[in-house]
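Asks: Got a structure for you, written out below as structure tokens; questions coming shortly.
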């Protein structure tokens, strides 16, 4: 299935990585789509936007296949990292795009492919993020991000590394192995345990519901909104209070979804 890369001139990391990509692969200008400049190479299409990418509502109506948003990563803790995550909002608010209590379609294999492309060299600074922020897309979509602190975000070496990882993932330069497609429940915003399990080849994760935004009523949506059939839920058991675990396991049983405790 085709992949479309989307970057923003409002984001110096996004546009910086896009500039590197254009230098690494022959992209040519191919008019506009929906008022946005379009660039094409022999393997991928790239769309330029001029707004923050969490505001890119409707982009899935313009392009086909899987959408990969290239973005700056922000971190309260100032930790430099590369991250991968799907989009959507677990809560009754949508402060950063999308819609309240709605999830975009995730792409577990594309996310795992990028995670492995990045994690093969710098696993200590590569992680999934929990599902958060917009835009809302019906098409499979994901964010791949670079940042966390100004120096890490501005590093041209990091821009090149992320661009190279994106191309390796698109080229299928390595075999992506996994045991089961899963949704993750529990853990922090940076679910290191889920990241480790994915890099070990045990799961390919779609949506990840962190312990600060537990929403048992949205588990069915998390399972449904994936471009691969979700086979299991993986629950980071000790990160969730007992009362919340009971609600989650009851809901999983009602839905007939098997789960692993990790």
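The values are calculated or read from the model by the stated rules, or taken from the named source; none is laboratory data. If you're wondering where the values come from, they're calculated on a predicted model, not measured in any experiment. Reconstructed Cβ throughout: ideal geometry from the backbone, glycine too, with neighbour counts over all protein chains shown.
Asks: How many of the residues in the stretch 219-241 are within 20 Å of residue 90 (Cα to Cα) and either at pLDDT below 95 or not in a loop (DSSP other than H, G, I, E, B) (or both)?
Replies: Adding up the residues that qualify gives 13.
Asks: Would you check if residue 201 is surrounded by 18 or more Cβ atoms within 10 Å (Cβ to Cβ) and either on the phi > 0 side of the Ramachandran plot or more than 16 Å from the chain's Cα centre (by Cα) (or both)? It would help to see each step written out before you state the result.
Replies: Details: surrounded by 18 or more Cβ atoms within 10 Å (Cβ to Cβ): no; either on the phi > 0 side of the Ramachandran plot or more than 16 Å from the chain's Cα centre (by Cα) (or both): yes.
Here the answer is no, as residue 201 does not meet what is asked.
Quick grid of which residues meet (1) crowded, with 18+ Cβ neighbours inside 10 Å; (2) at pLDDT 95 or above; (3) assigned to a strand (DSSP E or B); (4) not assigned by TED's automatic domain parsing to the domain that holds residue 19:
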{"residue": "110", "(1), (2), (3), (4)": "yes, yes, no, no"}
{"residue": "118", "(1), (2), (3), (4)": "yes, no, no, no"}
{"residue": "135", "(1), (2), (3), (4)": "yes, yes, no, no"}
{"residue": "141", "(1), (2), (3), (4)": "yes, yes, yes, no"}
{"residue": "144", "(1), (2), (3), (4)": "yes, yes, yes, no"}
{"residue": "151", "(1), (2), (3), (4)": "no, no, no, no"}
{"residue": "184", "(1), (2), (3), (4)": "yes, yes, yes, yes"}
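Asks: So which of 200, 253, 236 ends up being within 19 Å of residue 126 (Cβ to Cβ) and out of contact with any helix residue (DSSP H, G or I) (no Cβ under 9 Å at 6 or more places or on another chain)?
Replies: From the options 200, 253, 236, the qualifying one is 200.
Asks: Just the residues that are in contact with a strand residue (DSSP E or B) (Cβ under 7 Å, 6 or more places away or on another chain) and in contact (Cβ under 8 Å) with a residue 40 or more places away in the chain, please, taken from the stretch 237-258.
Replies: Hits for the stretch 237-258 are 237, 248.
Asks: Return the residues of the stretch 240-262 that are surrounded by 16 or more Cβ atoms within 10 Å (Cβ to Cβ) and closer than 30 Å to residue 67 by Cβ; say none if nothing qualifies.
Replies: Answer for the stretch 240-262, where residues must be surrounded by 16 or more Cβ atoms within 10 Å (Cβ to Cβ) and closer than 30 Å to residue 67 by Cβ: 248, 251, 252, 257, 259, 262.
Asks: Among the candidates 150, 108, which residue alone is under 26 Å from residue 232 (Cα atoms) and out of contact with any helix residue (DSSP H, G or I) (no Cβ under 8 Å at 6 or more places or on another chain)?
Replies: Answer to the check: 108.
Asks: Tally time: how many residues in the stretch 153-178 are surrounded by fewer than 21 Cβ atoms within 10 Å (Cβ to Cβ) and under 19 Å from residue 77 (Cβ atoms)?
Replies: Summing the residues that are surrounded by fewer than 21 Cβ atoms within 10 Å (Cβ to Cβ) and under 19 Å from residue 77 (Cβ atoms) in the stretch 153-178 gives 2.
Asks: With the checklist (1) modelled with pLDDT of 95 or more; (2) surrounded by fewer than 19 Cβ atoms within 10 Å (Cβ to Cβ); (3) in contact with a strand residue (DSSP E or B) (Cβ under 8 Å, 6 or more places away or on another chain) in hand, flag the one item residue 192 doesn't pass.
Replies: Just one mismatch for residue 192, condition (1).
Asks: Also: Which of the strands (runs of 3 or more DSSP E) found entirely inside the stretch 1-101 contain at least 2 residues meeting this: buried (at least 18 other Cβ atoms within 10 Å of the Cβ) and at pLDDT 95 or above?
Replies: Fully inside the stretch 1-101 and qualifying: 3-8, 36-40, 45-49, 66-73, 81-85.
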